[in-house]
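Input: a single structure, listed below in structure tokens.
The values are calculated or read from the model by the stated rules, or taken from the named source; none is laboratory data. These numbers were taken from a predicted model, which means no experiment stands behind them. Virtual Cβ from ideal backbone geometry, glycine too; neighbours counted across all protein chains shown.
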Amino acid sequence: MTVKYEKIEENKVKLTITVEAEEFNKALDVAFEKVVKDVSLPGFRKGKVPRYIFERRFGEAALYEEAINYLIPRVYPKAVQEANIQPVAQPEIDIPNPEEMGKDKPFTFTATVFVKPAVTLGEYKGIEVKQLSTEVTEEEVNQEIDRLLNQHAELVLKEAPAENGDTVIIDFEGFKDGVAFEGGKGTNYSLKLGSQTFIPGFEEQLIGIQAGEERKINVTFPEDYPNDELKGQEVTFNVVCHEVKYEQKPELNDDFVKELNRENINTVEELRNSIRDTFKARKEQEAKNHVIDTVVDIAANNAQINIPEVMIENEVEEMIHNTEHRFEHQGINLDLYLQYIGSSRERLKEQFKPEAEKRIRYNLTLEKIAEVENIQVSEDELNEELKNIADYYNMSVEEVKKAFPNTKDIEDSIKIRKAVDFLVDNAVKL
């Protein structure tokens, strides 16, 4: 096999691949063995037609398509390796006219394909990063304790009129032009005023209502309301209030802390220390992530990369696939959900494009840094990664090795992580 490399445009090349006559003859043999199984001719059992009879009856060209389908997937990867290119999409294959093909003739075809773009690094060492504070304030601890108290608050009956933040138990029914509309009725509905659960204006008009009181509430549905018959329409709700309740928070003491049932936390002081430790760990992780995000973003934006559109499209498709998979786990059909919110796959793709391009730019930059800095993966690091994969998928390391006989992708992933560490280690933290 011979391979001729030709650069058509930036990030796009054409390979002219010539296969020797002997190899093409082998492909014709394979094609005949497959095609003849479905051939029946008078005087011969199905699948038992001799080759010379088959070619006399149908012509040798009847085997070309099957021979090409067998041959190209086998020789194209070898051609890519020989040309030392990294395709980022499926190739556009151009085959010769049947008149130019035949037994005992070399077979030549072309493959035009987009390849991974070149990366010219800019400044990536000594990037300045302003570090985030990891200090935990007493105000933050108090806010978390207050959240816990609110979370465990009890609703208590209230004799006075309802205020914002109170919960009212109501019956309601909506009318448009004096006619009740579908979905506008509720019984013994528990509504916290100020929660913005209902359409704008509804909850505000219930401020001051008391148990046993009836009210008429006039509201207008938003223009973006999902129901076309109600969007932008003025309606009236008849509301009957049965009860008004307020939240009574528990007292902060050791008994309350014990009711939280947290391991080794039995006093208010132990709770405060636990909250402080949790917040500290969270802030330290956020600070670490901030440094990582900053140095990678700056290094990537300093690099010169002309990303082929097909790479972005492929990344977007992968993001769509992952989104669909997550929705399926929740029992939700992505297309129906998009239809419900007035969107579509095409709009979702447009929304994903900037993030897809950023991901590609980040990866290409980190790959280049790993190359320039000669970042390598040790055998111990590879084995540790294989073990992590095995643990995650509940497999043995040997099973993982069988699943990934070529560990290049795993090693590349480790190199990218080490390139991130390199950027962080060489950053200037302010």
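Just one residue in the set GLY59, GLY102 is surrounded by 11 or more Cβ atoms within 10 Å (Cβ to Cβ) and free of Cβ contacts under 8 Å to residues at least 12 places away in the same chain; that residue is GLY59. Please list, ordered by residue number, the strands (runs of 3 or more DSSP E) wholly in the range 112-219 having 2 or more residues that are farther than 17 Å from HIS242 by Cα. Hits in the range 112-219: 167-176, 179-192. Could you go through the range 226-243 and let me know if any residue there is assigned to a strand (DSSP E or B), under 20 Å from SER195 (Cα atoms) and β-branched (Val, Ile, Thr). Yes: the range 226-243 contains one or more residues that are assigned to a strand (DSSP E or B), under 20 Å from SER195 (Cα atoms) and β-branched (Val, Ile, Thr).
The condition of being free of Cβ contacts under 8 Å to residues at least 40 places away in the same chain, more than 26 Å from GLY122 (Cβ to Cβ) and touching a Lys or Arg at 6+ places or on another chain (Cβ under 8 Å) holds for only one of LEU382, LEU338, that being LEU338.
Of all residues in the range 149-177, those that are surrounded by 17 or more Cβ atoms within 10 Å (Cβ to Cβ) and among the aliphatic types (A, V, I, L, M) total 4. Listed by first and then second residue, the pairs with beta-carbon distance under 7 Å, at least 6 apart or on different chains, first residue in the range 251-262 and free of Cβ contacts under 8 Å to residues at least 12 places away in the same chain, second of a type outside the set (A, V, I, L, M), are LYS258/ASN266.
Taking only the range 320-331 into account, find how many residues are farther than 30 Å from ILE307 by Cα and either within 16 Å of the chain's Cα centre (by Cα) or outside the structural domain of GLU309 (by TED's automatic domain parsing) (or both). Step through it out loud before you land on a result.
Here is the first cut: in the range 320-331, the ones farther than 30 Å from ILE307 by Cα are 328-331.
With the extra rule that they be either within 16 Å of the chain's Cα centre (by Cα) or outside the structural domain of GLU309 (by TED's automatic domain parsing) (or both), the set shrinks to 328-330.
Residues in the range 320-331 being farther than 30 Å from ILE307 by Cα and either within 16 Å of the chain's Cα centre (by Cα) or outside the structural domain of GLU309 (by TED's automatic domain parsing) (or both): 3 in total.
Being of a type in the set (Phe, Trp, Tyr) and closer than 15 Å to ILE170 by Cβ is the filter here, so list the residues in the range 233-257 that pass it. If you could, list the steps in order and put the result at the bottom.
Initial filter on the range 233-257 (of a type in the set (Phe, Trp, Tyr)): 237, 246, 256.
Passing the criteria: only PHE237.
Provide a single number: the residues in the range 385-417 that are of a type in the set (Ser, Thr, Tyr) and in contact (Cβ under 8 Å) with a residue 24 or more places away in the chain. Give the steps one after another, and end with the answer.
Quick first cut of the range 385-417, residues of a type in the set (Ser, Thr, Tyr) only: 392-393, 396, 407, 413.
If we keep only those that are in contact (Cβ under 8 Å) with a residue 24 or more places away in the chain as well, we get 407, 413.
Count: 2.
Mind listing whichever residues of the range 380-411 are of a type in the set (Asp, Glu), within 25 Å of the chain's Cα centre (by Cα) and more than 30 Å from GLN131 (Cβ to Cβ)? Residues satisfying the conditions are ASP391, ASP409, GLU411.
Can you name the helices (runs of 4 or more DSSP H) wholly within the range 1-103 that have at least 2 residues being small (Gly, Ala, Ser) and within 42 Å of the chain's Cα centre (by Cα)? Write out each step before concluding.
Working: elements: 21-35, 51-58, 64-83.
In the range 1-103, the matching helices (runs of 4 or more DSSP H) lie at 21-35, 64-83.
Within the range 160-181, residues that are outside the structural domain of GLU203 (by TED's automatic domain parsing) reach no partner that is among the hydroxyl-bearing types (Ser, Thr, Tyr) and crowded, with 19+ Cβ neighbours inside 10 Å with beta carbons closer than 9 Å at six or more positions or on different chains.
To keep it simple, each residue is scored yes or no on (1) over 30 Å from GLU313 (Cα atoms); (2) modelled with pLDDT under 95.
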| residue | (1), (2) |
| --- | --- |
| ALA89 | no, yes |
| PRO98 | yes, yes |
| MET101 | yes, yes |
| LYS105 | yes, yes |
| LYS116 | no, yes |
| THR120 | no, no |
| VAL136 | yes, no |
| ILE145 | yes, no |
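Residues in the range 199-236 that are β-branched (Val, Ile, Thr), within 20 Å of ASP166 (Cβ to Cβ) and within 44 Å of the chain's Cα centre (by Cα): ILE199, ILE207, ILE217, VAL219.
Here is a list: ARG361, ARG347. Which entry is surrounded by 12 or more Cβ atoms within 10 Å (Cβ to Cβ), assigned by TED's automatic domain parsing to the domain that holds ALA299, under 28 Å from GLU223 (Cα atoms) and of a type in the set (D, E, K, R)?
Details: ARG361 fails: under 28 Å from GLU223 (Cα atoms).
None of the others qualify; the one that does is ARG347.
Checked against (1) aliphatic (A, V, I, L, M); (2) surrounded by 14 or more Cβ atoms within 10 Å (Cβ to Cβ); (3) in contact with a Lys or Arg (Cβ under 8 Å, 6 or more places away or on another chain), ILE8 passes all but condition (2).
Go over the candidates GLU92, GLU6, GLU65 one by one and state the one that is free of Cβ contacts under 8 Å to residues at least 60 places away in the same chain, farther than 30 Å from THR120 by Cα, outside the structural domain of GLU309 (by TED's automatic domain parsing) and not aliphatic (A, V, I, L, M).
Details: GLU92 fails: farther than 30 Å from THR120 by Cα; GLU6 fails: farther than 30 Å from THR120 by Cα.
Among GLU92, GLU6, GLU65, only GLU65 is free of Cβ contacts under 8 Å to residues at least 60 places away in the same chain, farther than 30 Å from THR120 by Cα, outside the structural domain of GLU309 (by TED's automatic domain parsing) and not aliphatic (A, V, I, L, M).
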